[in-house]
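Asks: One structure coming up, written as structure tokens, with questions to follow.
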Number of protein chains: 2
Amino acid sequence: MATPSTAGRPTPERIFNALNAYQQTAALRTAIELDVFTAIGGGANTSATIATKTGTSEKGVRILCDYLTVQGFLTKEQGRYALTQESAIFLDRKSPACLASMAGFLGTERARSIFDSLTLAVRNGGSVWSEADNTKPHDDFWVAFARSMAPLTVPASEFIAALLRAEEGKPAKVLDIAAGHGMYGITVARKNPKAEIVALDWPAVLQVAQENARKFGVAERYSVRMGSAFDTDMGSGYDYVLLTNIFHHFAIPTCEKLMHRVHAALKPGGKAITLEFVPNEDRVTPPTAAAFSLIMLANTDAGDAYTFSEYEKMFRSAGFASVTLHPVPGMPQQVVVSEKSA
Amino acid sequence: MATPSTAGRPTPERIFNALNAYQQTAALRTAIELDVFTAIGGGANTSATIATKTGTSEKGVRILCDYLTVQGFLTKEQGRYALTQESAIFLDRKSPACLASMAGFLGTERARSIFDSLTLAVRNGGSVWSEADNTKPHDDFWVAFARSMAPLTVPASEFIAALLRAEEGKPAKVLDIAAGHGMYGITVARKNPKAEIVALDWPAVLQVAQENARKFGVAERYSVRMGSAFDTDMGSGYDYVLLTNIFHHFAIPTCEKLMHRVHAALKPGGKAITLEFVPNEDRVTPPTAAAFSLIMLANTDAGDAYTFSEYEKMFRSAGFASVTLHPVPGMPQQVVVSEKSA
């Protein structure tokens, strides 16, 4: 019985795997929920010992760990599992950089259900979700965001603090718009004992930011303004305005309106610091920033992942004198620095 | 303002992307539903022309096509999209090898909802889904399978027909167990005008197989037996018994029980032809076969993706004399050929 050869033909494997890709989300969420990474980090390395430590069946956890190995979250040698460097840093709850809380916001049932209407969103050019207009508070959504996503901000918030030369300790007045968990402003305040932070967001979300400000010992230099970034009095004379992950929710004219307000709130020579997913001009590279656009299509009525040339045009039309782009090392995000004339 | 450097640090991008991986499923399903691939295959190559052809918004389809480009289903050059070789073959409905119907079974709301209970399945060592015992008919599930998955069988069914030397045209009596769409047996019958096929499955599913037998002009040599592979009279004296994608639903003792019945139904020197996802002994390679195990954990009460050494042991304990493994070119599946002593 000969084995016929049909080598070199194209394969439907990519299609099969994409139609099953929701399983990657489920598997990682399950592994986080069962604390499999912490168990392995703590020394369990066979399916039997991991099962004992996580209160699961050996067969179930063996299949889960094999799947996590296929997906690059574990290694397996001679039947023994180990954490990858990434998993040890970001998924073991004993690690100070653990990001497991992200599963409270990313890939949740709510997040997934919004994608059930993706076809309508493509037809429509924007989300059909009833809360897709992000100019009104929807507390549970953004409080979940603030509570879940703070650890993910570490690389970008440290990068921003360094961009602001926070370590030099010069007096600085910083407005953090749509502060959420507040971690970007709080990190600047932690590194610069002369920085004063004003956080702007909805009241329920600001409670999370204030908790974090207390937790990190900067509450005394942390004040808040409650309301919408589009009509709340922001104050003025700021050295820096932080705009982290906000513009992607809105259409270009709405972004420009906010940029105008920011320009007015900055002192001469002040800088708007925008953290964003900024795809290249081709809009298909780099992968994570480019793919972010689809999340905005599904979740917002008019948002997008804007390119740098779009940001540059918007900031210049809002009166800014110079606009520069700074990739955040180790993260799929970029910082756009926009300077007001001195 | 210096750009601080923190290059070389590990990145949470893989975690972020896995928690968002369900979006890959949604995007491909939406693109298939809107027939974006057929539109591009038909000559539309800008977001404006694709939008017109698919009845969508330009912004929505631009974002979708950019995402599909990131995921490797399209290319984009100078703002113009094109199909990859894979997409042209497998996703354009004008292609005879189009697999778009797979979206009727893979990644459906039902398939996804089963993974909502993955954590329980890991705890339990098997699915908690009420229909996870695959020894009873559940018509809508398996009829959907039979109607959706037939095109995916082409490479493996042609491979199996070649393994059986169907082109030589020698008389052959073939039993196709859990025939589903029937395509494996039908392909043997198409290539060998002297082959007689007996298909065994639940009545509702066999209606699909019989439709396909008529469609491919082999109905005269196509008969059916309705019921369970575990207790229906199968007949005897078969040259070949086809067991395609069935064993993974069951525990080892259940598989062995079926293998015993198959052994009894074969004539001396007859062969059991098993098509399966067979991971390597490490259970973590190759990726698609290894990952298949998780699908069985979520969907079945006792199934798994078995390794070749497990298949060899099971077939030998059921009385087979030789057991050999044959990878299917261009597919993540393998064929296990088990021969009864002459």
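Asks: Taking the residues in region B:1-29 that are of a type in the set (Lys, Arg) and over 17 Å from A:ASN20 (Cβ atoms) as candidates, determine which candidate is modelled with the lowest pLDDT.
Replies: B:ARG9
Asks: Would you point out which residue out of A:GLU167, A:GLU211 is farther than 27 Å from A:GLU109 by Cβ and either part of a helix (DSSP H, G or I) or not β-branched (Val, Ile, Thr) (or both)?
Replies: Testing whether each residue is farther than 27 Å from A:GLU109 by Cβ and either part of a helix (DSSP H, G or I) or not β-branched (Val, Ile, Thr) (or both) leaves just A:GLU167.
Results for (1) part of a helix (DSSP H, G or I); (2) polar (S, T, N, Q); (3) farther than 23 Å from A:ASP140 by Cα, shown as yes or no for each residue.
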residue	(1), (2), (3)
A:ALA179	no, no, no
A:VAL198	no, no, no
A:ALA204	yes, no, no
A:MET234	no, no, yes
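Asks: Could you check how many residues of region B:63-74 are under 23 Å from A:GLY125 (Cβ atoms) and either within 8 Å of another protein chain (Cβ to nearest Cβ) or among the aromatic types (Phe, Trp, Tyr) (or both)?
Replies: Of the residues in that region, 8 qualify.
Conditions tested, residue by residue: (1) crowded, with 23+ Cβ neighbours inside 10 Å; (2) in contact with a strand residue (DSSP E or B) (Cβ under 9 Å, 6 or more places away or on another chain); (3) more than 25 Å from A:GLY303 (Cβ to Cβ); (4) in contact (Cβ under 8 Å) with a residue 60 or more places away in the chain.
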| site | (1), (2), (3), (4) |
| --- | --- |
| B:VAL36 | yes, yes, no, no |
| B:GLY43 | no, no, yes, no |
| B:THR49 | no, no, no, no |
| B:SER57 | no, no, no, no |
| B:GLY79 | no, no, no, no |
| B:SER101 | no, no, yes, no |
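Asks: List the number of the failed condition for B:VAL143; all other conditions in (1) closer than 26 Å to A:THR25 by Cα; (2) in contact (Cβ under 8 Å) with a residue 24 or more places away in the chain; (3) crowded, with 16+ Cβ neighbours inside 10 Å hold.
Replies: All conditions are met except number (1).
Asks: Output the number of the condition that B:LEU68 fails; it satisfies all remaining conditions of (1) surrounded by fewer than 24 Cβ atoms within 10 Å (Cβ to Cβ); (2) under 25 Å from the mean Cα position of the chain (by Cα).
Replies: Of (1) surrounded by fewer than 24 Cβ atoms within 10 Å (Cβ to Cβ); (2) under 25 Å from the mean Cα position of the chain (by Cα), only one is false for B:LEU68: (1).
Asks: Another question about this same structure. Just one of B:ILE32, B:ILE89, B:ILE40 is facing chain A (nearest Cβ under 7 Å) and either closer than 30 Å to A:PHE73 by Cα or modelled with pLDDT of 95 or more (or both); which is it?
Replies: The conditions single out B:ILE89.
Asks: Run down A:GLU339, A:GLU281 and say which single residue is within 14 Å of chain B (Cβ to nearest Cβ), touching a residue at least 60 places away in the same chain (Cβ under 8 Å) and not small (Gly, Ala, Ser).
Replies: A:GLU339
Asks: Just the residues that are surrounded by 20 or more Cβ atoms within 10 Å (Cβ to Cβ) and either hydroxyl-bearing (Ser, Thr, Tyr) or closer than 13 Å to B:GLU339 by Cβ (or both), please, taken from region B:248-270.
Replies: Across region B:248-270, the qualifying residues are B:MET259, B:VAL262, B:LEU266, B:GLY270.
Asks: Does B:GLU131 count as acidic (Asp, Glu) and more than 23 Å from A:GLN23 (Cβ to Cβ)?
Replies: Criteria not met by B:GLU131.
Asks: Next question. Report, by residue number, each residue of region B:238-277 that is in a helix (DSSP H, G or I) and either on the phi > 0 side of the Ramachandran plot or among the acidic types (Asp, Glu) (or both).
Replies: Once the filter is applied, which keeps residues that are in a helix (DSSP H, G or I) and either on the phi > 0 side of the Ramachandran plot or among the acidic types (Asp, Glu) (or both), region B:238-277 yields only B:GLU256.
Asks: Still on this model: When you scan region B:214-247, how many residues do you find that are surrounded by fewer than 15 Cβ atoms within 10 Å (Cβ to Cβ) and among the charged types (D, E, K, R)?
Replies: Residues in region B:214-247 being surrounded by fewer than 15 Cβ atoms within 10 Å (Cβ to Cβ) and among the charged types (D, E, K, R): 5 in total.
Asks: Just name the residue that is nearest to the chain's Cα centre (by Cα) out of those in region B:215-232 that are in a loop (DSSP other than H, G, I, E, B) and aromatic (Phe, Trp, Tyr).
Replies: B:PHE216
Asks: Limited to region A:109-124, what total is found for residues that are in contact (Cβ under 8 Å) with a residue 12 or more places away in the chain and either buried (at least 16 other Cβ atoms within 10 Å of the Cβ) or facing another protein chain (nearest Cβ under 7 Å) (or both)?
Replies: Selection size over region A:109-124: 7.
Asks: Which condition from (1) more than 14 Å from chain B (Cβ to nearest Cβ); (2) of a type in the set (D, E, K, R); (3) not in a loop (DSSP other than H, G, I, E, B) is the one that A:LYS136 breaks?
Replies: A:LYS136 satisfies every listed condition except (3).
Asks: Of all residues in region A:43-61, how many are more than 8 Å from chain B (Cβ to nearest Cβ) and either among the charged types (D, E, K, R) or under 23 Å from the mean Cα position of the chain (by Cα) (or both)?
Replies: 1
Asks: Would you point out which residue out of A:LEU325, A:LEU297 is surrounded by fewer than 19 Cβ atoms within 10 Å (Cβ to Cβ), within 14 Å of another protein chain (Cβ to nearest Cβ) and touching a helix residue (DSSP H, G or I) at 6+ places or on another chain (Cβ under 7 Å)?
Replies: Exactly one residue qualifies, and that residue is A:LEU325.
Asks: Ok, one more. In this structure, does B:GLU77 turn out to be acidic (Asp, Glu), more than 18 Å from A:LEU19 (Cβ to Cβ) and at the interface with chain A (Cβ under 9 Å from one of its Cβ atoms)?
Replies: So B:GLU77 passes the test.
The values are calculated or read from the model by the stated rules, or taken from the named source; none is laboratory data. Predicted model, so just to flag it, every value in this text is computed and none were measured. Quick reminder, even Gly has a Cβ in these numbers, built from the backbone with ideal geometry, and neighbours come from all protein chains shown.
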